[in-house]
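What follows is a single structure, written as structure tokens, with notes after it.
Nothing in this text is a laboratory measurement; each read-out follows from the coordinates by a stated rule. Everything quoted here is computed from the prediction, not taken from an experiment. When we count neighbours, we look across all protein chains shown, and the Cβ atoms used for this are built from the backbone with ideal geometry, even at glycine.
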Amino acid sequence: MLALTPKLYGSCTTVSVLVCRQLCAVLLLVALANAETVRLCSDPDSATVLINDEPYENTTPVTLTLTPGQYRLEVLRDEYVPLDYNLQVQPGDSLSLTFVLSMMPPAPLPPESLGLSFAKETPLLNEKLADKTKDRWTNAAEFFTVFPTAQGLAGRLFFGNDRKREANVLLFSGLTLSLGSFVIGHVLAHKKLTAIRRANDSLAVLNQQAKRHNEAVKRQLRAINKERESQWQQRNRQRGRVSMRRLSGPSH
């Protein structure tokens, strides 16, 4: 009895495997019997198919075997706009779907691709540069004022009468140098300011020309890109759609 037990156990295992296989085959036949066929094509071909966001193993054209229910189909292809469709499969359906894809809209062309370029505008010179020149000469005037004037005043106060003339000369020379530096600083600053304004006038003219050139380039780019977009719309006017044809309907 003990010797027969393994054989009996092995026989039961073999029978169980056979029963499971037959049951799976029956379930598969039942599922296939209830499944419906959907022929899915695309224009152009070789597009990826997603069924409920899951990629299908083959590219278009494909024949799908689907059980009755609701499905979300999406067709993708490089350089084309993705297209999706909500499909309701009913018992007894045999459908044919054609996804007519439209090309991606053209990207705007950069000016370099057309041999065009934008002109750079030159910033205007700062008029405060003239003030720096004036400030340097003003500082020099203060320097020339302090020492000779101080020496002249000290001479008038502490020197004798015989050296007061020398003190007056120092005082006069200090005031003269101070006034001269002040005048020279203002004259040079005015000249520099005049030169800066003339240069800015010339730069303003050049910048206006650059602006007109850039506006012309922008208009040309807009016209070219608009023409390309118009051509794209004409080519894709009848595209970007899904056509469905029912080969056979549900039985009533």
Study note, to complete from the structure: With R₀ set to 41 angstrom, the calculated FRET efficiency between the beta-carbons of K226 and R198, to the nearest 0.05, is 0.45
Review point. What aspartates and glutamates could a cross-link reach from K132, if we take a straight Cα to Cα line under 18 Å and drop same-chain neighbours fewer than 8 places away?
Key: E142
Review point. If Lys and Arg each add +1 and Asp and Glu each add -1, what is the summed charge of the other residues whose beta carbon sits under 15 Å from the beta carbon of M104?
Key: +1
Study note, to complete from the structure: Placing each pseudo-label 7 Å from Cα in the direction of the beta carbon, V183 and D43 end up separated by a distance in nanometres of 9.3 nm
Check your understanding: At what distance in angstrom do the alpha carbon centres of segment 40-64 and segment 176-232 lie from each other?
Key -> 60 Å
Review point. Which of the aspartates and glutamates could a cross-linker bridge to K191, judged by Cα under 13 Å and excluding same-chain residues fewer than eight apart?
Key: E127, D131
Check your understanding: Looking at this model, which pairs from K120/K226; K128/K211; K192/K218 are more than 29 angstrom apart at the alpha-carbon?
Key -> K192/K218
